[in-house]
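To keep things clear, I will list the structure first and then write my remarks on it.
The values are calculated or read from the model by the stated rules, or taken from the named source; none is laboratory data. Keep in mind it's a predicted model, so treat the numbers as computed, not measured. Note: ideal-geometry Cβ built from the backbone for every residue, glycine included; neighbour counts use all protein chains shown.
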Amino acid sequence: MALFLVSAAVFGTIYVAALASLHPMGVADAASASYGNRINAATVSERHITDAVTAVNFDFRGFDTLGEEFIMFASVIGTILLLRKHRDESEGTPRDQKAGREISPPSDAVRVISVSLAGMVVTFGIYIVTHGQVSPGGGFQGGVLLAAPPLLIYLAGEFQQFCRLAPRPLVEAGEAVGAAGYAIIGVIPLFLHAAYLYNFLPLGTPGDIFSGGTVALIDLTVGLEVAGGFIVLLLAFLEETLVRRDPA
């Protein structure tokens, strides 16, 4: 607690000082305005991307975004370690109730709505992931959406259905492949005598789903990593909450 209070005080002081130095909402200094104008001018002409935010995240400053992705990857790993089973614990039978408390099964209305929404959420999530270079969206936003259907299935059924729909080994492998895929895409240009994360694929036609060169591939890897990470977290929290652990 003492370490937390000291850290919070230091962070809070820096945070307040940073807020005090910001310009009022809607007012930009010359440097910010110049940067925004340069990005707007270069996004379509140089990258054939019609969404400037995606161009900044996965191209102009793609190396920074790679770090952000691995921050989430490390956070998921840390959460799993904190919730791991200890030697003095043994898993009991998964059940959606605590000892001595009966919980009613989901109603027919909840089942119908949850199952009906699952397919639409998957479709919309895939659309958001694959169209990040065309319209607002991308791998981060779409990945969160793709992590929702297993939770909807859990709400419509039981924990066992969630586990069957999203097997933990498969989800963990998908998260790892997504995180590694981003880094590997960045390494490929080095063999072409170009800079790390250089956009080496054909840029395509602005407004087309295959535009943006490597950005479309990076969006897919990020979507896979984010979706896998959130599903792994959901599995970990549900196991901790719903699976009774009796002393060995």
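What the table shows:
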read-out	value
Matching option when the condition is under 21 Å from Ile80 (Cβ atoms) and among the hydrophobic types (A, V, I, L, M, F, W, C), among Ala179, Ala216, Ala156	Ala179
Any hit, the range 60-67, residues being assigned to a helix (DSSP H, G or I) and touching a Lys or Arg at 6+ places or on another chain (Cβ under 9 Å)	yes
Candidates Ser45, Ser34, Ser75, Ser7 - the one that is closer than 23 Å to Pro202 by Cβ, among the polar types (S, T, N, Q) and in a helix (DSSP H, G or I)	Ser45
One residue from Asp219, Asp208 being charged (D, E, K, R) and surrounded by fewer than 18 Cβ atoms within 10 Å (Cβ to Cβ)	Asp208
Which numbered condition Arg84 fails, given (1) modelled with pLDDT under 60; (2) within 30 Å of Ala179 (Cα to Cα)	(1)
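Residues are listed down the side, and each one gets a yes or a no for (1) at pLDDT 95 or above; (2) closer than 20 Å to Gly138 by Cβ; (3) touching a helix residue (DSSP H, G or I) at 6+ places or on another chain (Cβ under 9 Å):
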| site | (1), (2), (3) |
| --- | --- |
| Thr205 | no, yes, no |
| Gly213 | no, yes, yes |
| Ala216 | no, yes, yes |
| Gly229 | no, yes, yes |
| Val243 | no, no, yes |
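To keep it simple, each residue is scored yes or no on (1) of a type in the set (Ser, Thr, Tyr); (2) at pLDDT 95 or above; (3) under 30 Å from Ile209 (Cα atoms); (4) over 14 Å from the mean Cα position of the chain (by Cα).
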position: Asp88; (1), (2), (3), (4): no, no, no, yes
position: Thr93; (1), (2), (3), (4): yes, no, no, yes
position: Leu117; (1), (2), (3), (4): no, no, yes, yes
position: Thr130; (1), (2), (3), (4): yes, no, yes, yes
position: Ala148; (1), (2), (3), (4): no, no, yes, no
